[in-house]
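**Q** Pasting a structure here, questions to come.
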Amino acid sequence: MASAGPSARTTGTAAPVSDLGATAIVVTSNSQDHVVACLSALRHAGLRVSVVDNASADGTVHVVAAHFPEIELIANPVHVGFAAAVNQALPGAVGNVVLLVDPECILREPTARALVTTLRLRPEVGVVGPRIIDPGGRLVASAHPFGSLALALTGRLSGNLAPLGLHQLFWGRKRRRTYADCGRYGRAVTVDWVSGACLAVRASLLSEIGGLDEGSCMYYADEELCLQAWRRGAQVLYVPALTAVHLRRASSRDAI
């Protein structure tokens, strides 16, 4: 990746120590309409928060600096991508858990605490994600199986234009079962990967794999992270009893 040039980095002198011993990283890009709600919830949850802005053309950087002067803010002059932005914040992370949270996602204290606690109590788990809903309570798929060649081809060729039945033909039993797990309030289950809109990952695992893969496509850094976790013997856990709210509909690949 070509150098993005120097980034403006500010850290509030009163930056609080995380009550949960964990850090939330939020990557923004033209996110001023929702970032205050997102960061307010993370602050209330007792998390240390780092924001990395990818060259927003709106007032995102000003809004964050004005409302949250104690939060670490890295302002990139160009869009470096999601994975690279997360990696920029990792050196300043505190605690043994890192949470990746979309700026349009509201993560309340009970869910944040439970995600962090899950990783501390279950050493076999490397990544954990909650159930995600939209403001109307509609489910957003946040647990997925690794894609097959047939699924990738149908997605690339047809996108959202193909009939639902055609997509279901190629989803297969595992994909349908994984998506069904998204709608259950019951026990936690292991899945191939969970959505980067809201997940918690063990900091030691991130260190072991060298951070997120900056060569991955913008929308697949979360899938690659979970793949690397599984390759190192760490489970990926989906906990439908825990809920986060996405203020807008997630990407088309996460829609149900």
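The values are calculated or read from the model by the stated rules, or taken from the named source; none is laboratory data. Just so we're clear, the structure is a prediction, and the values are computed from it rather than from any experiment. Quick note on the areas: whole protein, heavy atoms, side chains included, nothing else; ligands and nucleic acids left out. Shrake-Rupley method; radii C 1.70, N 1.55, O 1.52, S 1.80 Å.
**Q** Give the accessible surface of the range 76-133 per residue, rounded to a whole number of Å², with probe radius 1.4 Å and ligands, DNA and RNA excluded. Please report the intermediate quantities before stating the final value.
**A** Details: 2010 Å² over 58 residues.
Counting only protein heavy atoms, the per-residue value for the range 76-133 is 35 Å².
**Q** Rounded to the nearest percent, how much of the accessible area of the range 22-83 (1.4 Å probe, protein heavy atoms only) is carbon and sulfur? Show your work: numbers first, answer last.
**A** Numbers: 1130 of 2090 Å².
Ligands and nucleic acids excluded, carbon and sulfur reach 54 percent.
**Q** Hey, can you grab everything whose amide H is under 5 Å from the amide H of V140? Only 5+ residues off in sequence or another chain; H modelled, so Pro and N-termini drop out.
**A** Those qualifying (amide H under 5 Å, at least 5 residues apart or on another chain) are I132, I133, D134.
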